Amino acid sequence: MGKRKKLYTRFFMSLTAISVCCILVLAVVIFYWYRNITIDNVNKANQNVLVNTETVFINYKEIVQNYAMDFYRNPNINALMMNGDTSWSDQLYSALSQIRGALVVNQYMENAYIMGVDEPVAMFENLPLSPESKLELFSRMRKNVIVESPFLWEATLNNGTPITLLTVFYNDRAFADSEYYGAVALTVNLGKLQNNLFTQKEGEITRYAVLDGNASVLMHSALDTPLEEGMLKQVVASSPERGSFVYRGSGEPQLITYVYSAADKLWFVSETSYRDSIRDISNARTLMTGLCLALIIAAALTANLISRRMYKPIGRLFGNIVHLSGNEEALKTGGDFDTVSQELEQIGVKLEQLKKESDDSALMRWLLSPREPRRTAVRR
């Protein structure tokens with residue numbers, strides 16, 4: 001009886017183990033499946049935000065470009081470019097008033113320059129550039145064609161502070177061999193423009209930035225800690241125009257999503273905590289754990305029921321075999337199936353012996369049985 005109970009226990013444990021393994025494998029597959037779906041949805045949402053940010057940036061750039069074109073075509077400003085007359089007059093006052101009004105309305109526009117044929121003619125500066133930077137800008141105006149507007153360049157302020165400026169200009173140089181007749185240049189302070197592109201409220205889950213080709217941060221949302229240089233370099237080294245990756249730097253892993261603007265040669269980047277990205281599925285992990293435990297208990301009860309139903313006929317069969325063999329101690333000392341097999345063989349041997357004995361007995365009875373005398377026919 002002990003061996004049969006041991007057999008039942010083995011069978012029950014095997015079914016339970018198989019059920020538990022299947023449930024755990026299924027739970028792991030479901031978890032990673034939903035985690036990938038969650039990350040993909042977060043990436044799509046971040047990419048939509050970055051694309052919208054790029055669109056807004058392009059709109060601001062077009063606004064500045066339109067101002068440059070309007071100033072260039074303005075008769076008063078155009079006359080200043082052509083004759084270089086900077087003496088105080090109603091013409092100069094009208095030109096500077098229009099420029100000053102545009103800079104006041106659009107606070108991200110810092111400086112405006114009216115470039116003559118031979119030198120800068122007039123300027124309105126909120127952030128005065130050094131004389132060297134002004135000469136460099138004038139040189140660019142003489143050489144650049146209008147399709148090169150806008151451009152990024154490193155300028156120096158009067159106090160010696162370096163600054164990256166986005167400069168929008170307009171001139172009549174449509175081709176490299178075109179004549180230069182003057183230009184209007186407007187500089188955009190990216191530090192102020194970022195306030196129009198990104199929220200500057202601290203503590204946001206997702207942080208945004210705009211990078212140039214050298215992995216320098218041009219604009220960004222509120223940053224309580226700087227963006228890691230390794231992450232920035234990995235973004236600009238990426239080949240696809242859109243993509244994402246998980247960056248594991250000095251802190252916790254970050255989900256990085258980026259969109260590349262080929263027209264402006266800028267990278268629009270978002271950084272989200274990887275843990276926050278999968279927060280919903282992580283919260284569901286507790287529910288999945290409880291569900292797995294419930295399924296395991298259900299599987300154990302089912303395995304117990306199946307084991308009992310399968311064990312009863314097997315145990316009854318083993319008991320019948322033991323009773324047939326008459327060797328009830330056999331199952332207590334030997335293996336389960338081996339012992340039963342041995343007992344069946346012994347029963348088979350005994351049956352063969354009994355059959356042989358029966359055949360021998362029948363033959364002997366036939367030989368020993370008295371025979372009747374043979375009758376002979378009498379002829380008459």
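The values are calculated or read from the model by the stated rules, or taken from the named source; none is laboratory data. It should be emphasised that the depicted structure is a prediction, and the values quoted were computed from it without experimental measurement. In this analysis, Cβ positions are derived from the backbone assuming ideal geometry, glycine residues included, and neighbour counts consider all displayed protein chains. Ligands, DNA and RNA are stripped out before the accessible areas are found, and what is left, the full protein with its side chains, is counted by its heavy atoms. Shrake-Rupley method; radii C 1.70, N 1.55, O 1.52, S 1.80 Å.
Structure values in brief
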quantity	calculated
Accessible surface of K233 - all protein chains present, 1.4 Å probe, nearest 10 Å²	110
Modelled FRET efficiency - R0 41 Å, R73 with T225, Cβ distances, 0.05 increments	0.30
Accessible area (Å², 1.4 Å probe, nearest 10) - D90	130
Anisotropy class of the stretch 190-271 from Cα gyration tensor, a/c 1.5 cut	oblate
FRET efficiency, E202 to F31 (Cβ-Cβ, R0 30 Å, nearest 0.05)	0.35
Peptides ranked, highest mean first, by Cβ atoms within 10 Å: ranges 139-146, 234-241	139-146, 234-241
Apportionment of accessible area to carbon and sulfur, the stretch 181-254, percent (1.4 Å)	44
Whole-number D in µm² s⁻¹ for the stretch 60-212, Kirkwood Cα-pair radius fed into Stokes-Einstein, 20 °C, 1.002 mPa s	133
Long pairs among K201/K265; K44/K143; K143/K201; K134/K201, criterion Cα-Cα beyond 30 Å	K44/K143; K143/K201; K134/K201
Of the chymotrypsin sites (Phe, Trp or Tyr not before Pro) in the stretch 139-177, those whose Cβ has at most 11 other Cβ within 10 Å and which sit in DSSP loop	F175
E154 accessible area, assembled protein chains, probe 1.4 Å, Å²	120
Order of exposure, largest accessible area first, which applies to M219, M123 with probe 1.4 Å	M123, M219
Kirkwood Rh and Cα Rg combined as Rg/Rh, the stretch 117-203	1.04
Cβ-Cβ FRET estimate between S94 and N52, R0 fixed at 56 Å, reported to 0.05	0.90
